[in-house]
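The values are calculated or read from the model by the stated rules, or taken from the named source; none is laboratory data. Model, not experiment: these values are computed from the prediction. Don't worry about glycine lacking a Cβ; one is built from the backbone with ideal geometry, like all the others, and counts go over all protein chains shown.
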Amino acid sequence: MNLEMVYHAQENLSGILNQTPLLESQQLSRLSDNHVYLKSEHLQKSGSFKIRGAYNAVKAAVEKGAKLVVAASSGNHGQAVALAAKLLNIKAIIVIPENAATCKKDAITAYGGEIEYCGLTSSERIPRAIKIAKEKLGEFIPPYDHPLIIAGQATVGLEIIESLPETDAIIVPIGGGGLIAGVLTTIKALHPGIKVIGVEPELANDTYLSLKANERVEVNATKTIADGLRTTTPGDMTFPILQEHLDDLVLVSESEIKTAFKFVLERMKQLIEPSSATTIAALMHHKIDLKNKHVVCLVSGGNIDLDEINALIK
Ligand SMILES: *Cc1c(COP(=O)(O)O)cnc(C)c1O
């Protein structure tokens, strides 16, 4: 992973992405004694930053002659791979659990993806997706542990420092770690003084525990409302990047995530998903020790089942 790969990904993505705004929040600024901005990837194509890595990886597959890509995810990665394949005129098969929510299935089919059902857990889905890719001569696209995925996600870091050169700190949610590994690759190469701070839910603290233990630790499957952060262990490729460069990692509770979600919906009129609300929760609940700084919360996505909103705002 290096900066050259990030610039190459940026070139691949030019003309594809939405230029997502950095929304300034007076209230969050006042609350936290900083200048706070939201990098609004909930307004990105496919509804999350995941199109960045997915498009970069699918494009490389197409250049090698692939006519099919396969992913195992009913969430944002599945939607992003389906959309990337559609934009690049090839076929996508997305392997999802038998009990996936209707809205997620609908989103995948709306982007032109073909759905394949398999089991209930990712340990069943991933081998199935890899097998389908092998049998049909397609390419399996992993969600975070791949250099082209990390390089694609890294482009959001470039955009942040291009539009706000005075950035002092960036707060990033951590699932498998592809997003934050990408941001670290960009920021620590170009502006090592900018702090990059990770956030995990208390209920999905696998990276937190792994950093403490100095090796990848596996936690039990978790039910955090931040469904994009439910990975149970950090990536093989992403974890060393975090070990080398991460400035800090803070944890937020389920009720802190809900409070932040409600705040962003009510005050900022933005519909974001709970995984993204973690970064705002970290600031709102004073988990981060910064004062009078320019702080960017990376709002990673906005895909949420409307039925879930009630439970979040109650
Ligand atoms: C995937 C995802 C994350 C976590 O990204 P990783 O690369 O797995 O760390 C955070 N927020 C949203 C909305 C996501 O879809």
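The residues on offer are Val36, Val58, Val62, Val6, and the sole one that is assigned to a helix (DSSP H, G or I), in contact with a Ser or Thr (Cβ under 8 Å, 6 or more places away or on another chain) and within 30 Å of Ala189 (Cα to Cα) is Val6.
Pairs meeting the criteria (first residue in region 170-188 and over 20 Å from Ala221 (Cβ atoms) and more than 6 Å from the ligand (Cβ to nearest atom), second residue among the hydroxyl-bearing types (Ser, Thr, Tyr) and at pLDDT 95 or above, beta carbons under 6 Å, at least 6 apart or on different chains) are Ile171/Thr279; Ala181/Thr238.
Within the option set Ala85, Ala100, Ala107, being under 21 Å from the mean Cα position of the chain (by Cα), outside any strand (DSSP E or B), modelled with pLDDT under 95 and under 20 Å from Leu17 (Cα atoms) holds for one residue only, Ala107. When region 62-76 is filtered for residues that are in contact with a strand residue (DSSP E or B) (Cβ under 6 Å, 6 or more places away or on another chain) and under 13 Å from Leu87 (Cβ atoms), only Val69 remains. How many residues does region 284-314 contain that are more than 16 Å from the ligand (Cβ to nearest atom) and aliphatic (A, V, I, L, M)? Residues in region 284-314 being more than 16 Å from the ligand (Cβ to nearest atom) and aliphatic (A, V, I, L, M): 7 in total. Here Thr155 fulfils each of the conditions (1) touching a Lys or Arg at 6+ places or on another chain (Cβ under 6 Å); (2) of a type in the set (Ser, Thr, Tyr); (3) assigned to a helix (DSSP H, G or I); (4) not assigned by TED's automatic domain parsing to the domain that holds Gly177 apart from (4). Selection of region 48-75 for residues being within 22 Å of Asn18 (Cβ to Cβ) and at pLDDT below 95 yields Ser73, Gly75.
Of all residues in region 123-168, those being surrounded by fewer than 20 Cβ atoms within 10 Å (Cβ to Cβ) and out of contact with any helix residue (DSSP H, G or I) (no Cβ under 9 Å at 6 or more places or on another chain) number 18.
I'd like the full set of residues that are within 10 Å of the ligand (Cβ to nearest atom) and either touching a Cys at 6+ places or on another chain (Cβ under 8 Å) or of a type in the set (S, T, N, Q) (or both), limited to region 212-244. Across region 212-244, the qualifying residues are Thr231, Thr238.
Results for (1) at pLDDT 95 or above; (2) of a type in the set (Val, Ile, Thr); (3) not assigned by TED's automatic domain parsing to the domain that holds Ile160, shown as yes or no for each residue.
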| residue | (1), (2), (3) |
| --- | --- |
| Leu251 | yes, no, no |
| Glu266 | yes, no, no |
| Pro274 | yes, no, no |
| Ala282 | yes, no, no |
| Lys287 | yes, no, no |
| Val296 | yes, yes, no |
| Gly301 | yes, no, no |
| Asp307 | no, no, no |
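Of Leu283, Leu265, Leu242, all but one fail to be in contact (Cβ under 8 Å) with a residue 12 or more places away in the chain, surrounded by fewer than 20 Cβ atoms within 10 Å (Cβ to Cβ) and not acidic (Asp, Glu); the exception is Leu265. Residues that are of a type outside the set (D, E, K, R) and assigned to a loop (DSSP other than H, G, I, E, B) were ranked within region 124-152; the one that is farthest from Leu242 (Cα to Cα) is Leu137. When you scan region 144-155, do you find a residue that is closer than 29 Å to Tyr7 by Cβ, more than 16 Å from the ligand (Cβ to nearest atom) and touching a residue at least 12 places away in the same chain (Cβ under 8 Å), even just one? No: zero hits. Under the condition of being buried (at least 20 other Cβ atoms within 10 Å of the Cβ) and part of a strand (DSSP E or B), the residues counted in region 110-122 number 0.
The sole residue among Lys195, Lys212 that is of a type outside the set (Val, Ile, Thr), surrounded by fewer than 18 Cβ atoms within 10 Å (Cβ to Cβ) and either modelled with pLDDT of 95 or more or assigned by TED's automatic domain parsing to the domain that holds Met284 (or both) is Lys212. Gly78 passes every criterion in (1) in contact with a Gly (Cβ under 6 Å, 6 or more places away or on another chain); (2) not assigned by TED's automatic domain parsing to the domain that holds Glu266 apart from (1). Any residue at all in region 44-55 that is more than 15 Å from the ligand (Cβ to nearest atom) and of a type in the set (Phe, Trp, Tyr)? No - not one qualifying residue is present in region 44-55.
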